[in-house]
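The values are calculated or read from the model by the stated rules, or taken from the named source; none is laboratory data. Owing to the predicted nature of the structure, the values given are computational and were not obtained by experimental measurement. So basically every Cβ, Gly included, is an ideal-geometry build from the backbone, and we count neighbours across all protein chains shown.
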Amino acid sequence: MEMTEQTFETIKRLICRLTNIENGFYANKFKGTDVASIKSREDFEKLPFTDKADLRACYPLGLSAVPKEDIVRIHSSSGTTGTPVIIPYTQKDVDDWAEMFKRCYEIAGVNKSDIIQITPGYGLWTAGIGFQAGAEKLGAMTIPMGPGNTEKQLSFMLDIGTTVLCATSSYALLLTEEITKRGLRDKLSLKKGIIGSERWGEKTRSRIRSELGIELYDVYGLTEVYGPGIGISCKYSAGMHCFDDYLFLEIIDPETGEVLPDGEVGELVITTLKKEGAPLIRFRTHDITRIIPGECQCGCKHPRIDTITGRSDDLFKVKGVNMFPAQIEEVLKDIDGISSEYKVEIDHVNGKEQMTVMFECSGGNYAELENKFKAKFKAKIGMTPEAKAFKLGTLLRSEKKTKRVYDKRI
Ligand code: ZN
């Protein structure tokens, strides 16, 4: 993304402020960095990244960049590894977040005459409360349901006349199935769905869209950077517009940390421009996406990031080519007769790297499907793997999150 002079000056002022806080997070992190020597974008790009582990290490309030009495709220991101990350917010941070979320609703064509049913959870988690504050700022009527209790969700939807559903993709799908099963669609006033940022496939999307006959919008965000609502897709579904007056975005090669040009796929890194309570400089989101070059047909000037295709932690490299499980899923999805179940093995064979993709088929000629897969894979990802087709139910399914990639090179 282009860094305007104004953005550069804002970031520089922010760095000066943060490094002057005695024993502050960035005063410690940037110790040894001569802040006065940051004179260009190139200098900025030499600054170290901030990672989630850094935030965890300063639990509970070590990230705070303001006096305690200026903090009006904290949120916390769930840590899979124990210690949570605490993000403090000032009143301005809360207002700014609501302003961004209000814009999200506006981009989705939602206005104050709408009735918005909010099903993501409320609490320490940033989900529900973000949807809520933005909707209130917009002036729409909200139904702060939170998750679960499908019966009540449906009866309120019906009785109060909900026009906008806010949900995670999985909960939206569950409600869609219930609505279809009960034949409720024609009795509902539902027009739009605003779907939180879990990764979700086109299959789920098109099911919700076609069964409910509503427009869907993807909202982007993460707790460390306000929460959901820092970006949203528009009616052209051509990526998510992110609010660059609040955020500076970079895409980096997750392996080398090198900044990539617009259009190239890598990890999203965010610098906050206006945050007071917990500003972040070069925060690694681990979300894989790209900045979509050029302007959107909708006329909105905010830059766009593409649909999130995975986490940089899932990245692996074979024969010099970086790839993600999500890319393999993309290739499989495009071929009729191949199911979504697959497994990848990477090993050295006769001193050379070899990658084998095993997948299940619902029928058809296996050799033909294998060749089709190899050709599509080569065209999309840039190298040719080995392919092995199996009949449905052959590949081992594990109870928990299915492990797909087995790297035997080490
Ligand atoms: Zn647009």
Looking only at region 265-281, decide whether some residue is in contact with a strand residue (DSSP E or B) (Cβ under 7 Å, 6 or more places away or on another chain), within 21 Å of Leu165 (Cα to Cα), in contact (Cβ under 8 Å) with a residue 40 or more places away in the chain and not in a loop (DSSP other than H, G, I, E, B). no
Are there strands (runs of 3 or more DSSP E) fully within region 31-137 with at least 2 residues that are at pLDDT 95 or above and of a type in the set (Asp, Glu)? List them. none
So if I check each of Ile160, Ile232, which one is among the β-branched types (Val, Ile, Thr) and crowded, with 16+ Cβ neighbours inside 10 Å? Ile232
Would you check if there is a residue in region 252-271 being under 19 Å from the mean Cα position of the chain (by Cα), of a type in the set (Val, Ile, Thr) and under 23 Å from Glu151 (Cα atoms)? no
Which residues, counting only those in region 13-57, are surrounded by 14 or more Cβ atoms within 10 Å (Cβ to Cβ) and under 17 Å from Glu276 (Cβ atoms)? Leu14, Ile15, Arg17, Leu18, Thr19, Ile21, Gly24, Phe25, Tyr26, Ala27, Thr50, Leu55
Residue that is surrounded by the most Cβ atoms within 10 Å (Cβ to Cβ), among those in region 308-336 that are part of a loop (DSSP other than H, G, I, E, B) and among the β-branched types (Val, Ile, Thr): Ile308
I'm checking my understanding of the structure. Among residues of region 290-302 that are within 21 Å of the chain's Cα centre (by Cα) and in contact (Cβ under 8 Å) with a residue 60 or more places away in the chain, which one is surrounded by the most Cβ atoms within 10 Å (Cβ to Cβ)? Ile291
For region 340-353, which residues satisfy the criterion of being of a type outside the set (Val, Ile, Thr) and buried (at least 16 other Cβ atoms within 10 Å of the Cβ)? Glu341, Tyr342, Lys343, Glu345
Is it the case that some residue within region 152-160 is polar (S, T, N, Q), over 20 Å from Cys234 (Cβ atoms), touching an Asp or Glu at 6+ places or on another chain (Cβ under 9 Å) and modelled with pLDDT of 95 or more? yes
Of the conditions (1) at pLDDT below 95; (2) buried (at least 16 other Cβ atoms within 10 Å of the Cβ), Ile305 satisfies every one except a single condition; which number is it? (1)
Go through region 221-267 and give me each residue that's away from the ligand (no atom under 16 Å from the Cβ) and aromatic (Phe, Trp, Tyr). Tyr226, Tyr246, Phe248
Answer yes or no: is there a residue in region 337-354 that is of a type in the set (S, T, N, Q), within 16 Å of the ligand (Cβ to nearest atom) and closer than 27 Å to Thr285 by Cβ. no
For region 220-253, which positions are aliphatic (A, V, I, L, M) and either within 20 Å of Leu47 (Cα to Cα) or outside any strand (DSSP E or B) (or both)? Val225, Ala238, Leu247, Leu249, Ile251, Ile252
Members of region 337-386 that are within 28 Å of the chain's Cα centre (by Cα), small (Gly, Ala, Ser) and not in a strand (DSSP E or B): Ala379, Gly382
How about region 294-307: which of its residues are touching a Ser or Thr at 6+ places or on another chain (Cβ under 8 Å) and not in a loop (DSSP other than H, G, I, E, B)? Ile305
Test each condition in (1) in a loop (DSSP other than H, G, I, E, B); (2) assigned by TED's automatic domain parsing to the domain that holds Glu258 for Met3 and report the one that comes out false. (2)
The lone exception for Cys298 - which of (1) touching a strand residue (DSSP E or B) at 6+ places or on another chain (Cβ under 6 Å); (2) closer than 24 Å to Ala98 by Cβ it fails: (1)
Determine if region 193-214 includes at least one residue that is within 16 Å of the ligand (Cβ to nearest atom) and among the charged types (D, E, K, R). no
